[in-house]
Amino acid sequence: MEVELPDGAVVGDVWPALGLGDEPLGLLFALNRGYTEPGARLSSGDEVAVIPPVSGGVSPSGSEPQSLFRLLAEPLSIEEVVEQVRTADAGAVASFVGTTRARSRGRDVLYLEYEAYEGMAEQVMADLAEELKRRHDLCNVAIHHRVGRVDIGETSVVIAVSAPHRGDALAACREAIDELKVTVPLWKKEVYDGGEEWVGTEAQYQRALTEDAPP
């Protein structure tokens, strides 16, 4: 939707202009598909996204971003993701495969539904990969995530990391899934017998509490 704001408006002025009541805890903002602070100044034509706590362009490495960091509505190929990170310099490939389980928080789950802020989600995945490369000695990182309906037992996310040594590959793979759930704009809805519920992340909720706490 288009919103008209006065000259000098900042990103934080967008939420009140939407007329949706009090600003929810943990709300994030993106300006032109990049996370930003509420005090960032706005210009005519800017695109602002109002992002509730999340469940997660050109790749900095110059490789094919649409193949390394992807959102797909069809089943994921674990073999494809692993193959993308293989290289002659790699002595290890670590992978993580997330699947939909039948029970969650004491309820029988029928299936999950994922939504994403497409365009920004892939870029945040690429940025996450570059940050992991700064922390560890890595060769390649690839992340594929489902959108839409994901049935019980189906794969929702595949992460593969290659490195010269297994320690770096294993550490980076674990960090990748932990940070993807907090930073990438992806949302998960659990559909269960008798209802449905959008599921945010406790990590981001706690981070919001810490940031909003008085000194």
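Details
- 33, 41, 107, ranked by accessible area, largest first (probe 1.4 Å): 41, 33, 107
- Amide hydrogen neighbours beyond the local backbone of residue 46, cut-off 5 Å, H modeled: none
- Heavy-atom SASA rank of 133, 189 (probe 1.4 Å, accessible area, largest first): 133, 189
- Apportionment of accessible area to carbon and sulfur, the chain, percent (1.4 Å): 48 percent
- Solvent-accessible area per residue, Å², over the chain with all protein chains present [probe radius 1.4 Å]: 54 Å²
- Alpha-carbon radius of gyration plus Dmax, which is the widest Cα pair, for the range 114-185 in Å: 12.7, 36
- Normalised convex hull volume, the range 4-43, alpha-carbon set, Å³ per residue: 77 Å³
- Exposure rank, largest accessible area first [95, 162; 1.4 Å]: 95, 162
- For the chain, the Stokes-Einstein estimate of translational diffusion at 4 °C and a viscosity of 1.567 mPa s comes to 69 µm²/s, using the Kirkwood hydrodynamic radius over alpha-carbon pairs.
The values are calculated or read from the model by the stated rules, or taken from the named source; none is laboratory data. None of these values were measured; they are calculated from a predicted model. For accessibility, only protein heavy atoms count, side chains too; no ligands or nucleic acids. Shrake-Rupley method; radii C 1.70, N 1.55, O 1.52, S 1.80 Å.
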